[in-house]
1. If Lys and Arg each add +1 and Asp and Glu each add -1, what is the summed charge of the other residues whose beta carbon sits under 13 Å from the beta carbon of A:H116?
2. How far apart, in nm, are two points set 7 Å out from the Cα along the Cα-to-Cβ line at A:M10 and at B:Q65?
3. In degrees between 0 and 90, to the nearest 10, how far off the longest principal axis of chain B does helix B:97-108 point, with axes built from Cα atoms?
4. Identify the residues of the range B:47-85 with backbone N under 14 Å of a label point that sits 7 angstrom from the Cα of B:T5 along the Cα-to-Cβ direction, or state none.
5. Cut-off under 24 Å on the C-alpha distance; same-chain residues fewer than 8 positions from B:K85 excluded. Which lysines are left, in chain and number order?
6. If you take every residue apart from A:P53 with its C-beta less than 12 Å away from the C-beta of A:P53, what net charge results, scoring Lys and Arg +1 and Asp and Glu -1?
7. If R₀ is 22 angstrom, what is the calculated FRET efficiency for the pair B:F91 and B:R27, using the beta carbon separation as r and rounding to 0.05?
8. When Lys and Arg each count +1 and Asp and Glu each count -1, what net charge do the other residues less than 15 Å away from A:N63, Cβ to Cβ, add up to?
Amino acid sequence: MKAHLTRRYMFSASHRLHSDAMSEEENKATYGKCNNPYGHGHNYALEITVSGPVDESTGMVCNLTDLDSFVEHEILDRFHLQNLNTVPEFGQAVPTTENLSAFIYDILQRGFTHAHLEKVRIEETMMNSFEYAGGNEVRR
Amino acid sequence: MVYLTRKAEFAASHYYHNPEFTAEENRRIFGKCNNPNGHGHNYTLEVTVKGEVDTRSGFVVDLKQLKEVLNREVLDAMDHRFLNKEVPEFFTRIPTTENLAISIWQRLAPKLTTAHLHRVRVYETPDLFVDFYGEA
């Protein structure tokens, strides 16, 4: 029988929202306080949902230790207590939580093979959250 | 169609062990959860039903009825129990959060007559939950 499993992780990071494709004025108008050149930080909550048949011999969709160790090495080690604007893999993309969601989804989609990836959800603060479940429409 | 979610909490203990695995395999696959003396969690259960809103009552489902079924079929059986030793389906099935969600669905689905079960969500901790939608 198919079940969905969701695991929640925390990481803290700083970022500055700024696009080289816009003028100073446009950047200020678009990103407001988030355009502060010194950056600012968040405690992000990351929820990863995977799905699959429940293995009869283990009772599991996937072993949590596999998911935890993948997320720790491939995601948390990369972002926790970092400035997202300096994470090399992020390249020139503006480190909005939309882009972060899609970036983390791609890391999982490429490397995590123990269960089917359903979606990534990130809370940037208690008041706003972002979900990405794959598809090309994320980046215009 | 309207979806209605009822929340409940129960506390129970469990451990993970498959008698077909060797002792070493059990330890490797289940880690600390393999301790035969068990360990416990405060589980949070969310049961979501769906249905049309009854024009006379304005309800999708009579919440009192839903609560009674939940109490009788799930909480009375599982709250303050050692799942492996006191809940019959877990004499043979490993009481993981996945299997707990499936078992709760199987206990509730036949008893809910006025609304359709949509989802059973079981939180083992605030950082880990399983959703079961009755999918084969």
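Please treat every number below as a calculation from the coordinates, not as lab data. The model shown is predicted, which means the values in this text are computed figures rather than measured ones. In this analysis, Cβ positions are derived from the backbone assuming ideal geometry, glycine residues included, and neighbour counts consider all displayed protein chains.
1. It works out to a net charge of 0.
2. 4.3
3. 40
4. Of the residues in the range B:47-85, B:47-50 have backbone N under 14 Å from the label point off B:T5.
5. The qualifying lysines are B:K32.
6. Result for the neighbourhood of A:P53: -3.
7. Taking R0 as 22 Å, the efficiency between B:F91 and B:R27 is 0.55.
8. Every neighbour counted, the sum reads -4.
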